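Asks: Would you mind keeping the following structure in view while I ask a few things?
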Amino acid sequence: MDFKEKILNYYHLSESDFKELSKPIDEIKLIDPNSIESMAKIKDRIFKAIQNKEKIIVYGDYDCDGVSATTIMVKTFEKLGYPVSYYIPIRYSDGYGLNVKNVMKIKEAGFSLIITVDNGIAQDEAIKKANELNMDVIVVDHHEAPEVPVPAYAVIHPTVSHISDIYGSGGYMALFLSAGLLGYYDDYLVTIGGMSVVSDMMELKGYNRDVVRLAVNNLKTHQYRALISLTDSPIITEKTFGLEIAPKINAIGRLIEDKNINLLVKYLISENPDEIYKISCWIKNNNELRKTLTKEAVEALPKDEIEQEGIVLKLDIKEGLLGLIANRLLNEKNVPVIIFTEDSTDKTFLKGSIRSKEGFNVQKAFESLSKYMVAGGGHAMAGGATIKASDFEDFKHDFIELCKQYKITKTEPPSVELSVTDINFQNYEILRQFAPFGVGFPEPVFSIRNLPTKSLQFISFGKHISTPISINSKLLGFNLPENEVKTHQIIDIFGNLNMSSFRDKLTLEFRISDFIAKD
């Protein structure tokens, strides 16, 4: 069986399925925005506002999706020749979504039309207040809609607007409105929309897959300065958005506690090279600070409070870093982790972020702990929770009891078995024809069986595996120490294929994510 057949079997795809997945980029047709429910009503309202010279504000969110959605709308109005105002809320003082306090400020500033992006679908109280103050609110959102619709002027939403059963991102919903207003899909804004789909971990199927494929192609073709300035490698794939650009944008929302967060939108709409350079340095410096703070927080953790079955900690740290610390501890300790910090707006509450793996379901855990939950939600492997500070010790006790009952399980993943000679550029190019990979369509897991550990080479004083296969390929495994691996003679390794570039030399890597001992 050749390499392509192995991949088709892994995904249970036919040859005709593959042809549809890999159809030429110029055959991709995005949804006609004018077919979307309420688009005509929204366009009429916006063009009326432009004609009457009304003040319009775009109200976004502080993550990459929210920043992307805001950028798309602001750039669209710029292209229409009618600049509008925008606001990215501050995580620590504004919280998530449109709120009554900011609606009052918006009214005082003379605005009559609010366009919420990546929020709004559940902000009932704030929208009612806007209506009372004779302001219209257009909601462009993708979060789960409540049973009772918000009293907005109109809504664009994946299911409310009957666009798709697959949820797109907030940025993608904004892209539909952009195309409706402009009469075409702008390449740069499509790229920003595709980035938002990847960054917000939307399912890569159907219309999501199409826009991400277009986004990757556009970035390769046009090399947009603002986006390229935040990349770490000349190789452009969907990972460029998910692992290089989006984390840097998200770092600002995690750390910044003032209106400077709005520089992100200024950056993404800018065409001034000096301005782009200056703000990109600021973004990258903050991302490095985010890494440092996370590392320091993990190193300073009270070791005597780390339980063997699960980890529940209360730390004095920025709320935006909670998930990063929880994820790092999960990978180190392989037990469910929830990290709390004091709510910045009300010290009687704690806000927490939880991370888990197969075996311990976060949603089910939250159901069991519902008596403590002031607010919360998530999916099987991650979530957020707010509890009363006075309930912390009781919550901790019950959480650990759940961890004892439902342990994280380590199972061998389904994989495509390779020989060392299969790791070559030709097969990598075949693999990329199946891309983009992500939620709902993950990268294939590859395995190499019965590998003698004596054949492996290590770097960084035995911390990482780095073993050449050929002149342009190698096995690479981070944080797989020699003293742990070489306690076994034979192992099976699991991982993904990754292309890297150093000093213009391309190297194909089998990135080892795990191994199983055979002795």
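Asks: Tally time: how many residues in segment 31-42 are more than 13 Å from SER164 (Cα to Cα), in contact (Cβ under 8 Å) with a residue 12 or more places away in the chain and open to solvent by 40 Å² or more (accessible area, probe 1.4 Å)?
Replies: 2
Asks: Could you tell me which residue of segment 1-10 is farthest from ILE166 (Cα to Cα), considering only residues that are exposed (fewer than 15 other Cβ atoms within 10 Å of the Cβ) and not acidic (Asp, Glu)?
Replies: Applying the filter and picking the extreme gives MET1.
Asks: For the subset of segment 337-355 comprising residues that are of a type in the set (Ser, Thr, Tyr) and open to solvent by 10 Å² or more (accessible area, probe 1.4 Å), which member is nearest to the chain's Cα centre (by Cα)?
Replies: SER353
Asks: State all residues of segment 358-381 that are in contact with a helix residue (DSSP H, G or I) (Cβ under 7 Å, 6 or more places away or on another chain) and either assigned to a helix (DSSP H, G or I) or open to solvent by 20 Å² or more (accessible area, probe 1.4 Å) (or both); if no residue qualifies, say none.
Replies: Selection gives ALA365, SER368, TYR372, MET373, GLY376, GLY378, HIS379, ALA380, MET381.
Asks: Next question, about the same structure. Just to be sure I understand, how many residues within segment 107-127 are in a loop (DSSP other than H, G, I, E, B), surrounded by 23 or more Cβ atoms within 10 Å (Cβ to Cβ) and touching a Pro at 6+ places or on another chain (Cβ under 9 Å)?
Replies: Selection size over segment 107-127: 2.
Asks: Condition check: farther than 23 Å from VAL74 by Cβ and at pLDDT 95 or above. Does LYS248 satisfy that?
Replies: no
Asks: Among (1) open to solvent by 50 Å² or more (accessible area, probe 1.4 Å); (2) more than 25 Å from ALA49 (Cβ to Cβ); (3) outside any helix (DSSP H, G or I), there is one condition ILE166 misses while meeting the rest; what is its number?
Replies: (1)
Asks: Out of segment 207-236, which residues are open to solvent by 60 Å² or more (accessible area, probe 1.4 Å) and part of a loop (DSSP other than H, G, I, E, B)?
Replies: GLN223, ASP232, PRO234
Asks: If you don't mind, there's one more thing I want to ask. Within segment 132-157, track down each residue that is open to solvent by less than 60 Å² (accessible area, probe 1.4 Å), over 14 Å from MET39 (Cβ atoms) and not small (Gly, Ala, Ser).
Replies: Answer for segment 132-157, where residues must be open to solvent by less than 60 Å² (accessible area, probe 1.4 Å), over 14 Å from MET39 (Cβ atoms) and not small (Gly, Ala, Ser): LEU133, MET135, ASP136, VAL137, ASP141, HIS142, PRO146, VAL150, PRO151.
Asks: On the given criteria, is ILE325 touching a helix residue (DSSP H, G or I) at 6+ places or on another chain (Cβ under 7 Å) and surrounded by 13 or more Cβ atoms within 10 Å (Cβ to Cβ)?
Replies: yes
Asks: Okay, next question. Can you tell me which residues in segment 383-401 are closer than 28 Å to GLU203 by Cβ and crowded, with 17+ Cβ neighbours inside 10 Å?
Replies: GLY383, GLY384, ALA385
Asks: On to the next question. Using the structure shown, decide if ALA49 is more than 18 Å from the chain's Cα centre (by Cα) and among the hydrophobic types (A, V, I, L, M, F, W, C).
Replies: When the stated conditions are applied, ALA49 passes them.
Asks: Something else about it: For segment 402-433, which positions are part of a helix (DSSP H, G or I) and open to solvent by less than 50 Å² (accessible area, probe 1.4 Å)?
Replies: LEU402, CYS403, ASP422, ASN427, TYR428, ILE430, LEU431
Asks: Suppose we filter PRO436, PRO442 for residues that are free of Cβ contacts under 8 Å to residues at least 60 places away in the same chain and either under 30 Å from the mean Cα position of the chain (by Cα) or surrounded by fewer than 17 Cβ atoms within 10 Å (Cβ to Cβ) (or both); which single one remains?
Replies: PRO442
Asks: Provide a single number: the residues in segment 250-302 that are in a helix (DSSP H, G or I), open to solvent by 80 Å² or more (accessible area, probe 1.4 Å) and acidic (Asp, Glu).
Replies: The qualifying residues number 4.
The values are calculated or read from the model by the stated rules, or taken from the named source; none is laboratory data. Predicted model, so just to flag it, every value in this text is computed and none were measured. In this analysis, Cβ positions are derived from the backbone assuming ideal geometry, glycine residues included, and neighbour counts consider all displayed protein chains. Note: accessible area is taken over every heavy atom of the protein model, side chains too, but ligands, DNA and RNA are not part of it. Shrake-Rupley method; radii C 1.70, N 1.55, O 1.52, S 1.80 Å.
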